[in-house]
Amino acid sequence: MRTWTPEQIARAAGARLVAPPPAGGGPERVIIDSRQAGPGSLFVGLPGEHVDGGRFAPHALAAGAWGVLTTPEHAEAARCAVPGALLAADDPLRALQRLATAWRRSLDVQVIGVTGSTGKTSTKDLLLALLSPHLRTVASRANFNTEIGLPLEILAAPPDTEVLVLEMAMRGAGQIAELATVAEPDVGVIVSIGPVHLELLGTIEAIAAAKAELIAALKPSGTAVMPAAEPLLEPHRRGDLRTITFGDAGDVRLVRSDQNEVEIDLDGRPIVLEVPFHQAHLRRNLLPACGAAYAVGVVPSGRVALELTAGRGQHMALAGGVTLIDGCYNANPMSTRAALEDLAETAARTPGTRPVAVLGDMLELGPRGRDFHLELGEEAARSGVELLVTVGPLAAAMADRFDGEVHSVPDAAAAAELVPELVRPGDVVLVKGSFAVGLEAVCRALSEREPTGVSNGVGA
């Protein structure tokens, strides 16, 4: 937005230009943390649950920010600070979103929105790997997938971006619709439907409807990418969209999966990809990723240079020949089953390796929460887990259906003390739980053994 005038910035955001910057031109980047302020930055002061970010507008200007966008009272209060652009909006978050939409429209870009009960982050990462050799591609970072993070990712896209891949998170009804209104996607990808956020939405049908808000938001010229065998999405299909299905009976099918490559039928076109990862769920998620790439005119080829987002199943080699599978960012019944499958496959590749699972509470599952945890205790046993550590009051139920060695601890701090004592040289250790459980503490405790390397970010 460097070439935009302050007046253009204000119009795009639906804000009032209280004072212009000392020099013309627009900002280079948009931030919401005043500690990141510096020359060229536009600080957006968002009201928060505990702190009103607008209070820090003077600090951002003092740090050299191009300007601030905040509520009228905070914009007026910042007049006495170091000169900079002062933009006022009654709703700074809505102004941030409007500015993002304006920037998205100014780009000659195709936008892919990705959502799903599980697998959306790895599918987004796979899409980045598939598209980058062909088109200038930008994809959402980490957890920038909310009503705040998504517009920041759009605004961070360089002017020459050709494809923008945006992950879309959801906690309740209407939230995917809000994100889609900001992003205006050309392609909507629904990776999966499963029992996530049941506490808020109540039924699996309601979850499907919330995810399908992405389909409803597409323009008639858009493309929907969805599972072929998902009846819950059938009521949400649209006849005015191009629809690409994936799975055994879909337009995109996995034909062959060998040690180092996969063959995919891409709408009647055979393609072979070199894949340096073995996880079955990642290879399955290649299907929606290939479908979305095809929708923007790319036929994937060659090596898939996948780099997973942190906490989403990276394999890390630690001292003593220990392999850590870091899935601590989040968990639900579907993703935890996939992680246990990965654990079993990884351990099987080295005879004599002991599979260890550190599993924390899975939150927001509603009245059936205990049942889901019990089922995963059985799944851990079927997967060949030899040592199970449960973390939290909900995860403790897994021990009731697990017939191997098991330890139950109340929280992540206790797990971080116990697990390093239990792990032996050569073990494969899966760490997975909902974000609020804080299992990154366990990963840190294990990593303090001095890692000997990271196996390509996704597992060897």
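Residue count for the stretch 157-178, restricted to those that are farther than 23 Å from ARG312 by Cα and assigned to a loop (DSSP other than H, G, I, E, B): 8.
Looking at this structure, is ARG2 closer than 18 Å to ALA100 by Cα and touching an Asp or Glu at 6+ places or on another chain (Cβ under 7 Å)? Yes; evaluated as a whole, the condition is true for this residue. Checked against the criterion of being crowded, with 21+ Cβ neighbours inside 10 Å, outside the structural domain of HIS281 (by TED's automatic domain parsing) and in contact with a helix residue (DSSP H, G or I) (Cβ under 6 Å, 6 or more places away or on another chain), the stretch 343-351 contains not a single residue that satisfies it. Scanning the stretch 288-334 for residues that are out of contact with any helix residue (DSSP H, G or I) (no Cβ under 8 Å at 6 or more places or on another chain), modelled with pLDDT under 95 and under 23 Å from GLY188 (Cβ atoms) yields ASN332, MET334. Of the residues making up the stretch 202-218, just one is of a type outside the set (Gly, Ala, Ser), modelled with pLDDT of 95 or more and either outside any helix (DSSP H, G or I) or not assigned by TED's automatic domain parsing to the domain that holds VAL187 (or both), namely LEU218. The condition (being among the basic types (Lys, Arg) and either in contact with a Gly (Cβ under 9 Å, 6 or more places away or on another chain) or at pLDDT 95 or above (or both)) is satisfied by just one residue among ARG141, ARG171: ARG141. Taking the conditions (1) modelled with pLDDT of 95 or more; (2) surrounded by fewer than 16 Cβ atoms within 10 Å (Cβ to Cβ) in turn, ASP108 satisfies each one other than (1).
On the given criteria, is PRO22 under 30 Å from ILE176 (Cβ atoms) and at pLDDT below 95?
For PRO22, the condition - under 30 Å from ILE176 (Cβ atoms) and at pLDDT below 95 - is not met.
Evaluation of THR101 against the conditions (1) outside the structural domain of ARG283 (by TED's automatic domain parsing); (2) more than 23 Å from ALA13 (Cα to Cα); (3) not small (Gly, Ala, Ser) shows that the sole unmet condition is (2). Considering the conditions (1) surrounded by fewer than 17 Cβ atoms within 10 Å (Cβ to Cβ); (2) touching a His at 6+ places or on another chain (Cβ under 9 Å), ALA173 is excluded by exactly one of them, (2). Among the candidates LEU135, LEU152, LEU128, the residue that is modelled with pLDDT of 95 or more and closer than 22 Å to ALA12 by Cα is uniquely LEU152. With respect to (1) touching a strand residue (DSSP E or B) at 6+ places or on another chain (Cβ under 7 Å); (2) surrounded by fewer than 16 Cβ atoms within 10 Å (Cβ to Cβ); (3) hydrophobic (A, V, I, L, M, F, W, C), the lone exception for PHE435 is condition (1). Note on the stretch 290-337: among residues that are assigned to a helix (DSSP H, G or I), of a type outside the set (A, V, I, L, M, F, W, C) and not assigned by TED's automatic domain parsing to the domain that holds HIS373, the one that is surrounded by the most Cβ atoms within 10 Å (Cβ to Cβ) is GLY291.
Scanning the stretch 179-201 for residues that are in contact (Cβ under 8 Å) with a residue 60 or more places away in the chain and not in a loop (DSSP other than H, G, I, E, B) turns up LEU179, ALA180, THR181, VAL182, ALA183, VAL187, GLY188, VAL189, ILE190, LEU198, GLU199, LEU200. Out of all the residues in the stretch 193-237, which are within 20 Å of SER335 (Cα to Cα), crowded, with 21+ Cβ neighbours inside 10 Å and of a type in the set (D, E, K, R)? If the condition is that a residue be within 20 Å of SER335 (Cα to Cα), crowded, with 21+ Cβ neighbours inside 10 Å and of a type in the set (D, E, K, R), then LYS211 is the only one that fits.
The values are calculated or read from the model by the stated rules, or taken from the named source; none is laboratory data. Predicted model, so just to flag it, every value in this text is computed and none were measured. Neighbour counts run over all protein chains shown; Cβ positions are idealised from the backbone, glycine included.
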